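Structure first, commentary second.
Every number in this text was worked out from the coordinates using simple rules, so none of it is lab data. No experiment lies behind these values; they were computed from the predicted model shown. All Cβ positions, even for glycine, are placed from backbone atoms using ideal geometry, and neighbour counts span all protein chains on display.
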Amino acid sequence: MALEKIRGQRVHAGDPAVVVGAGRSGLAAVRLLIQKGARVRLLERNAAAVSGDTRELLRAMDVEIIVGEHHPEHFEHASFVVPSPGMPISRLAEHLGRKGRSTAPEVLAEMELAWRCLADEPVLAVTGTSGKTTTASLAAAMLQAQGYSVFLGGNIGTPLSEYVLSRRKADVLVLEVSSFQLQACSTFCPRVGVLLNIAENHLDYHKDMREYTETKFRLFRCQNKEDLAVLGVDLKKLAGEFNLKARQVYIRESGRFSESRLLGGHSRVNQEAAWQACRFFGVGEADAAAAVARFKPLPHRLEVLRKHNGVLYVNDSKSTTVAALRVAMQAFDQPVRLLCGGKFKGGHLQELREIVRSHVIDVAIFGASREVFEQAWQDIVPISWHENLESAVLHASSGAREGDVILLSPATSSFDLYTNYMARGDDFKRIVEGLS
């Protein structure tokens, strides 16, 4: 099945490389570069991000560590630069365009670096504004049900570099891929690429929606006619602009898998996308259906926490965009009491007015962005504001009746009150579990 893929220049002994960011993917990239014989410099703005144990480990590997603001001289003589997924390429370019430099270093994502170090393992890669973690996890479950050994990683938690370093050999690599990673990929080429959807997101990172869209479609740029591209049916017209060479399958909501614990029509789309991707590897429909039936909702993604006094409490803290909120509200026929608020990343809440009018009977805003939600909806639904999530939950709970859904689907990042969306969701769980 495997065909020879074009891969970019590999790292050779003595090559100077710079890694930006000491997060998990950055440290994995450092270790992989060292294994390949590179001379590595690690840059990290935040001194607290590099623990004492990490410093000792890196120094034992002869890694140079520079903490503080980045400067052009930090990138001098580098052949490769591996940026943190959270660092925009445009900002990095400010440091690489030093006058008098004969050649610019190659900028490549940690995933691209690891891809170049793979043998012939086939890759199934999933991206999209929403649903990619669930779809990638479903695909891994379907492949495992067929008997394949699977590595599940990428943006989902385990960097691809860690797989390479482990020296294990999986039958199929299933990777969740973000736009941050794709923007610094040049030869990454999955046998199967899945693009679920595109909606406004990360416009604080990308220049505009066009750049964000182009970055998502980079998933397919190196594929050929022997590969497969699986896309949401709404992307068919847009895909025509990008000259995809792979065989294309367009997916829509399907009732193929009737036995499922996942909520909402979008989940049926995700299941269909995973199935179409796994068919490429010979997964039978019966094994796929068995995997779907066993699959539990992932934490913080329309996760049912409990039913208390006839009221259903649902944790969708992973909802950080307007598009994700739309999907969450559409998952319920019951009256919704909505909890939202936080650091607003952009998007058009006005576009949700009809859904809010038909699905939501009360909105409790917590934390930041009060004015954004009030301006969009205050004339169509009762809205209250609360300093914290606990106060908002208690407000919603006090007015709830049997049959209602209290839904945490913030449509924002969590960085006003929490370190990440997981911490926000965990706090919601704590509050809900304490209700009596």
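Just to confirm the filter: which trypsin sites (Lys or Arg not before Pro) across the stretch 350-436 are DSSP coil and have at most 13 other Cβ within 10 angstrom of their Cβ? Display every interim value, and only then the final one.
Details: sites: Arg353, Arg357, Arg370, Arg401, Arg424, Lys429, Arg430; in loops: Arg401.
Of the trypsin sites (Lys or Arg not before Pro), the ones in loops of the stretch 350-436 whose Cβ has at most 13 other Cβ atoms within 10 Å are Arg401.
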Cβ-based net charge around Gly147, under 14 Å, with every Lys or Arg adding one and every Asp or Glu removing one
-2
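Using unit Cβ charges (K, R positive; D, E negative) and no other charged atoms, how large, in debye to the nearest 20, is the dipole of the stretch 16-107 about its Cα centre?
Working: 12 positive and 10 negative charges, 35 e Å.
So the magnitude is around 160 debye.
Grab the eigenvalues of the alpha-carbon gyration tensor for the stretch 391-436, scale each by 5, take roots, and send me the semi-axes largest first in whole angstrom.
Values: eigenvalues 90, 28, 15 Å².
One finds semi-axes of 21, 12, 9 Å for the stretch 391-436.
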Treating each Cα of the chain as an identical point scatterer and ignoring solvent, apply the Debye formula and state log10 I(q)/I(0) at q = 0.06, 0.09, 0.11 Å⁻¹.
-0.27, -0.62, -0.91
What does the charge add up to near Trp275, with Lys and Arg as +1, Asp and Glu as -1, over the other residues with Cβ less than 13 Å from its Cβ?
0
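With N set to the residue count of the stretch 16-107, report its C-alpha Rg divided by 2.2 N^0.38 Å to two decimal places. Walk me through the intermediate numbers first.
Working: Rg = 12.5 Å, N = 92, 2.2 N^0.38 = 12.3 Å.
Expressed relative to 2.2 N^0.38 Å, the Cα Rg reads 1.02.
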With only alpha-carbon pairs counted, each pair once and no self-pairs, how large is the Kirkwood hydrodynamic radius of the stretch 303-433 in angstroms?
14.1 Å
If you place +1 on the Cβ of every Lys and Arg, -1 on the Cβ of every Asp and Glu, and leave all else neutral, what size is the dipole of the chain about its Cα centre, to the nearest 20 Debye?
980 debye
Assuming R0 = 25 Å, can you tell me the calculated FRET efficiency for the pair Arg306 and Asn420, based on Cβ-Cβ distance, to the nearest 0.05?
0.65
Ranking Leu92, Gly23, Ile65 by how far each Cα lies towards the positive end of the charge dipole of the stretch 16-107 (+1 on Lys and Arg Cβ, -1 on Asp and Glu Cβ), the top one is Leu92
Scanning the chain, every Cys lacking a C-beta partner under 4.7 angstrom -> Cys117, Cys185, Cys278, Cys340
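Before anything else, pin down the relative contact order of the chain: Cα pairs under 8 Å, at least 6 apart, normalised by residue count, whole percent. Write out the running numbers ahead of the final one.
Details: 883 pairs, mean separation 52.1, N = 436.
About 12 percent, as a whole number.
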Cleavage-rule hits, GluC sites (Glu not before Pro), the stretch 214-260, DSSP coil, Cβ neighbours within 10 Å at most 12:
Glu226, Glu259
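Please sort by residue number the GluC sites (Glu not before Pro) in the stretch 344-436 whose DSSP state is loop and whose Cβ has at most 12 other Cβ atoms within 10 Å.
Working: sites: Glu351, Glu354, Glu371, Glu374, Glu387, Glu390, Glu402, Glu433; in loops: Glu387, Glu402.
Passing both the DSSP loop test and the Cβ count: Glu387, Glu402.
About the Cα centre, and with charges only on the beta carbon of Lys, Arg (+1) and Asp, Glu (-1), how big is the dipole of the stretch 303-433? Nearest 20 debye, please. Don't jump to the answer; show the numbers that get you there.
Numbers: 14 positive and 17 negative charges, 43 e Å.
For the stretch 303-433, the charge dipole is close to 200 debye.
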Positive minus negative residues near Glu387 (Lys, Arg vs Asp, Glu; Cβ under 12 Å)
-1
Among Lys36/Lys296; Lys36/Lys237; Lys225/Lys296; Lys236/Lys318; Lys36/Lys343; Lys132/Lys169, the pairs whose Cα-Cα distance exceeds 32 Å are Lys36/Lys296; Lys36/Lys237; Lys225/Lys296; Lys36/Lys343
